[in-house]
Amino acid sequence: MITQEQDRSGPGPFGLMHQMWAPADQSDSAFFRTTLEDVVLADQLGYDSVWIAEHHYVRGKAFYARLPHIEIFIARLISETSRIRLATGIKLLILDDPEHIAEKVRLLNLLSDGRVILGLGQGSPDELGVRDLTSDEKRLMFRTRLEELVGYLDGGLAANGLALTPDYPIKIAETVWVGVRDDVSVAQAARLGTNFIVGEAELGARQAPYITNYRGAGGVGEARGARLVCVGETYERALADVRVPAHQLNDAFSKGKYQKEMVELGMMSADAALDEHEILGRLEYAVGAPDDVTEQLYDYITTTGVNALNIMVHAPGISQESAQRSLQLFMSEVAPALVSALAKNDP
């Protein structure tokens, strides 16, 4: 959990989530330039953190993500920002060595005056490339590496007993967030004293049990949620901004494991969404004027039990103007109305 000393935020625990998705026809250079502009704006507006996703491989799809190594981009962002915390959101622990991760997070926190967060996850099969792992094997590997990593961060010693460099102390409760779903991994996160995070791809009702399990296992850290958000001066304006991106996201998500699981659990219809309003409902995309978005996010917060919230304003194909408008309107008109709802979920 972020301490008062480290809290450099505006009105509350609100972050910017960026999956680093971009349309296939957008160049990498243009994408990273606009992303940098958005992070700088979020820093100026008072967002407490930005969460930057790790993804691998160019894919023949309408959109795909562009950042294989988050730490390199974070190093650039340190010099461009002054107060916002910079998070790996999330880093695939299975694809990196725990000792090296410990060294990198120490160095980045030294360079940023303690502004770097380590968000960790297990990764989906298409992210792991040629690594042929079953779900059980992947989860076991993650838990083994997380245990090892926390040991390095806590003690500052490598496997051979030598001290890690640089000599920058890391507090687990202020630095590490874990995004996992299975009961054993959730319990481990609570036991190790990490914070907890869920993403934008599942319904709030599906995420609620993960947070309940984390709290039930003794987790007292921050439980941070995430929703897709588009705020406009009017509902009609916001709807026009997300119409194309929402269809693209729905098409992609409908082929993914999360929606398939929710259909199997009876939480979502197996029928294809017929219109844009049904699509927004399937995505739990918070869209509209400030009051509309406030109401939708309030429902999400009360359903899940999260006590911090990331908003994801970047969807494939959305304009830079729309994304930045959402960042500004959310912080000025929506965030203040949600602070008390988040505080009610503090452990």
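When segment 8-37 is filtered for residues that are among the charged types (D, E, K, R) and over 19 Å from the mean Cα position of the chain (by Cα), the ones remaining, listed by number, are ASP25, ASP28, ARG33.
Yes/no per residue for (1) under 17 Å from the mean Cα position of the chain (by Cα); (2) modelled with pLDDT of 95 or more:
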residue	(1), (2)
ASP271	no, no
LEU274	no, no
VAL287	no, yes
THR294	no, yes
TYR298	no, yes
GLY305	yes, yes
LEU309	yes, yes
GLN324	no, yes
LEU338	no, yes
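When the helices (runs of 4 or more DSSP H) confined to segment 108-192 are screened for residues that are among the charged types (D, E, K, R) and crowded, with 16+ Cβ neighbours inside 10 Å, those reaching at least 3 such residues are found at 135-155. Tallying residues that are touching a Gly at 6+ places or on another chain (Cβ under 6 Å) and surrounded by fewer than 20 Cβ atoms within 10 Å (Cβ to Cβ) within segment 17-54 yields 2.
If you check LEU108, LEU93 for being in contact with a helix residue (DSSP H, G or I) (Cβ under 9 Å, 6 or more places away or on another chain), more than 21 Å from ALA246 (Cβ to Cβ), of a type outside the set (Gly, Ala, Ser) and touching a residue at least 40 places away in the same chain (Cβ under 8 Å), only one passes: LEU93.
What pairs come out if I take residues in segment 31-44 that are in contact (Cβ under 8 Å) with a residue 12 or more places away in the chain and pair them with residues that are of a type in the set (Gly, Ala, Ser) and buried (at least 18 other Cβ atoms within 10 Å of the Cβ) whose C-beta lies under 8 Å away, six or more apart or interchain? Short answer, once both residue conditions are applied: PHE31/ALA22; ASP38/ALA323.
So, GLN328, is that one in contact (Cβ under 8 Å) with a residue 24 or more places away in the chain, surrounded by fewer than 17 Cβ atoms within 10 Å (Cβ to Cβ) and under 22 Å from VAL39 (Cβ atoms) or not? Break it down stepwise before answering.
Values: in contact (Cβ under 8 Å) with a residue 24 or more places away in the chain: yes; surrounded by fewer than 17 Cβ atoms within 10 Å (Cβ to Cβ): yes; under 22 Å from VAL39 (Cβ atoms): yes.
Here the answer is yes, as GLN328 does meet what is asked.
Being over 23 Å from TRP51 (Cα atoms) and in contact with an Asp or Glu (Cβ under 7 Å, 6 or more places away or on another chain) is the requirement here; does LEU133 meet it? Considered against the rule, which asks whether it is over 23 Å from TRP51 (Cα atoms) and in contact with an Asp or Glu (Cβ under 7 Å, 6 or more places away or on another chain), LEU133 comes out as no.
The set of residues from segment 193-244 being of a type outside the set (A, V, I, L, M, F, W, C), assigned to a loop (DSSP other than H, G, I, E, B), modelled with pLDDT of 95 or more and touching a helix residue (DSSP H, G or I) at 6+ places or on another chain (Cβ under 8 Å) comprises GLY193, THR194, GLY218, GLY219, GLY221, GLY232, GLU233.
When restricted to residues that are over 21 Å from the mean Cα position of the chain (by Cα) and either touching a residue at least 60 places away in the same chain (Cβ under 8 Å) or within 25 Å of GLY89 (Cβ to Cβ) (or both), segment 226-245 contains 5.
In segment 201-216, the residues that are without any contact (Cβ under 8 Å) to a residue 60 or more places away in the chain reach residues that are surrounded by fewer than 21 Cβ atoms within 10 Å (Cβ to Cβ) and in a loop (DSSP other than H, G, I, E, B) with C-beta atoms within less than 8 angstrom, at least six apart or across chains, in these pairs: ALA201/GLY256; TYR210/ARG181.
Table: residues versus (1) within 30 Å of ASP25 (Cβ to Cβ); (2) touching a residue at least 24 places away in the same chain (Cβ under 8 Å); (3) surrounded by 23 or more Cβ atoms within 10 Å (Cβ to Cβ).
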site: HIS69; (1), (2), (3): yes, no, no
site: THR81; (1), (2), (3): yes, yes, no
site: LEU86; (1), (2), (3): yes, yes, yes
site: GLU103; (1), (2), (3): no, yes, no
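From the list ILE117, ILE101, exactly one residue is out of contact with any strand residue (DSSP E or B) (no Cβ under 7 Å at 6 or more places or on another chain), within 29 Å of ASN160 (Cα to Cα) and at pLDDT 95 or above. Which is it? Exactly one of ILE117, ILE101 is out of contact with any strand residue (DSSP E or B) (no Cβ under 7 Å at 6 or more places or on another chain), within 29 Å of ASN160 (Cα to Cα) and at pLDDT 95 or above, namely ILE101.
Of GLN259, GLN248, all but one fail to be modelled with pLDDT under 95, over 30 Å from GLN44 (Cβ atoms) and under 21 Å from the mean Cα position of the chain (by Cα); the exception is GLN259. On the stretch given as segment 273-290, residues that are in contact (Cβ under 8 Å) with a residue 24 or more places away in the chain, assigned to a helix (DSSP H, G or I) and farther than 13 Å from LEU203 by Cα total 2.
The values are calculated or read from the model by the stated rules, or taken from the named source; none is laboratory data. Source: prediction; values computed, not measured. When we count neighbours, we look across all protein chains shown, and the Cβ atoms used for this are built from the backbone with ideal geometry, even at glycine.
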